[in-house]
Amino acid sequence: MTQHGFAVVGAGLWGAQHARVLSTLPEADLVAVCDVDASRAEAMRARFGARHAYTDLTELLANPEIEAVTVATPDFAHSAIILAALAAGKHVMSEKPLATDLAETERVVAASKQSGRVLMLDFHNRVSPPVAALREAIASGELGRVIHGSLRLSNTTFVPREMLSWASRSSALWFLGSHAVDALRFVTGDEVVRVQAVRRDGYLKGLGVDTADVHLAILQLRSGAVVTLENSWVLPPDSPMVFDFRMELVGEKGAAQVSTADNGAFRKFSGGGLRTTDLFGSVPAGPGRIGGFVYEAIARFIDAVVSGGPLLATAEDGLAATRILAAIEQAAATGATVELLT
């Protein structure tokens, strides 16, 4: 079997997810990892058996063994890496968002079109079983025309206070909202055309994290359906899981709900109260295989590079998500209703 060379940029929590897949599937050869912290880069190289550890992106991109790059850096540090990788002739998969600025996102999309290279977004909820089931229920007509719904993707305070050293340079809207609005577009096959929103600040800032506590938005879709959206970073730290993802859509013929945060199949009491585990994102798999929708999403990028398989989510999907989030920020800042051109 011919292997294709891959590299991971960003040796943090999610970069390790990338490296695990790229070091497991037989079509992929994990050539290198890169991080501005040399010790982290070396630790991830050793853990997953990569041949090189870099702290300089330019040096990594000059390596002819590397055909494709995955980007798992903080939210605000995606676009420059994507642009450099595309310019170097590499295929790219990036975590969301493409950029936290609409004009910069449009620049990335334009560069992708000109490059002739693959650019995929890791919108992994598209292969989450309950999300896929909701999409099927809508596409089949089982629920009828969607009238209204709600969508919550929020974190406990552990994320901005302890997990992310860079939380002040992002927000729950960008960190979580990117996934949320893409999931909404994916399951409905519809586009957001009008946005109203509010933002609340103060609690996290009082704790030394200079970012919003929560964004709440009302999204009107082209079909006329209305969906409320919550992206919060102030859920209680003793919640059963670090995230809470729930979606409900109500149609003319029925309703459907998704809740991946606490399915009740595994419950743990080992200090600190009730804890549960995500049983969809990562599941046991044998040698040379990978299980769970989080890993399946990354594997789709390997398929795209190796055999021209379909992209899980395109650069245009990333642009659509950024447009919605930018509109939410604008609506929250001005109090005005923001119209989107789609």
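The values are calculated or read from the model by the stated rules, or taken from the named source; none is laboratory data. What you see is a predicted model; the values in this text were computed from it and never measured. With ideal geometry, Cβ positions are generated from the backbone for all residues, glycine too; neighbour counts draw on all protein chains shown. For accessibility, only protein heavy atoms count, side chains too; no ligands or nucleic acids. Shrake-Rupley method; radii C 1.70, N 1.55, O 1.52, S 1.80 Å.
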Would you tally the residues in segment 15-33 being in contact with a helix residue (DSSP H, G or I) (Cβ under 9 Å, 6 or more places away or on another chain) and in contact (Cβ under 8 Å) with a residue 60 or more places away in the chain?
-> 9
Which one of A53, A43, A77, A87 is open to solvent by 20 Å² or more (accessible area, probe 1.4 Å) and within 17 Å of S178 (Cβ to Cβ)?
-> A77
Residues located in segment 301-316, provided they are surrounded by fewer than 20 Cβ atoms within 10 Å (Cβ to Cβ) and either assigned to a helix (DSSP H, G or I) or touching a strand residue (DSSP E or B) at 6+ places or on another chain (Cβ under 8 Å) (or both) = D303, A304, V306, S307, L311, T314, E316
When residues of segment 288-300 are filtered for being more than 14 Å from the chain's Cα centre (by Cα) and in contact (Cβ under 8 Å) with a residue 60 or more places away in the chain, how many remain?
-> 5
Quick one: which residue in S232, S259 is surrounded by fewer than 17 Cβ atoms within 10 Å (Cβ to Cβ) and polar (S, T, N, Q)?
-> S259
R246 meets each of (1) in contact (Cβ under 8 Å) with a residue 40 or more places away in the chain; (2) open to solvent by less than 70 Å² (accessible area, probe 1.4 Å); (3) assigned to a strand (DSSP E or B); (4) out of contact with any helix residue (DSSP H, G or I) (no Cβ under 8 Å at 6 or more places or on another chain) with one exception, condition (2)
Please indicate, with yes or no, whether at least one residue in segment 200-218 is at pLDDT 95 or above and closer than 17 Å to A320 by Cβ.
-> yes
Over segment 180-214, the set of residues surrounded by fewer than 23 Cβ atoms within 10 Å (Cβ to Cβ) and closer than 17 Å to G318 by Cβ is R185, F186, E191
Would you check if L164 is buried (at least 16 other Cβ atoms within 10 Å of the Cβ) and closer than 19 Å to T334 by Cβ?
-> no
Does segment 264-275 contain any residue that is without any contact (Cβ under 8 Å) to a residue 24 or more places away in the chain, open to solvent by 60 Å² or more (accessible area, probe 1.4 Å) and either touching a Cys at 6+ places or on another chain (Cβ under 9 Å) or of a type in the set (A, V, I, L, M) (or both)?
-> yes
So which residues in segment 21-46 are in a helix (DSSP H, G or I) and in contact with a Lys or Arg (Cβ under 9 Å, 6 or more places away or on another chain), if there are any at all?
-> R45
Pairs, first under 11 Å from H124 (Cα atoms) in segment 174-185, second β-branched (V, I, T) and in a helix (DSSP H, G or I), C-beta under 7 Å, six or more apart = A183/V131
Taking the stated definitions as given, is V36 closer than 26 Å to A315 by Cβ, open to solvent by 60 Å² or more (accessible area, probe 1.4 Å) and without any contact (Cβ under 8 Å) to a residue 60 or more places away in the chain?
-> yes
Could you figure out which of (1) in contact with an Asp or Glu (Cβ under 8 Å, 6 or more places away or on another chain); (2) closer than 29 Å to L274 by Cβ; (3) in a helix (DSSP H, G or I) isn't true of R185?
-> (2)
Output the number of residues of segment 90-111 satisfying the condition of being of a type in the set (G, A, S) and open to solvent by less than 20 Å² (accessible area, probe 1.4 Å).
-> 2
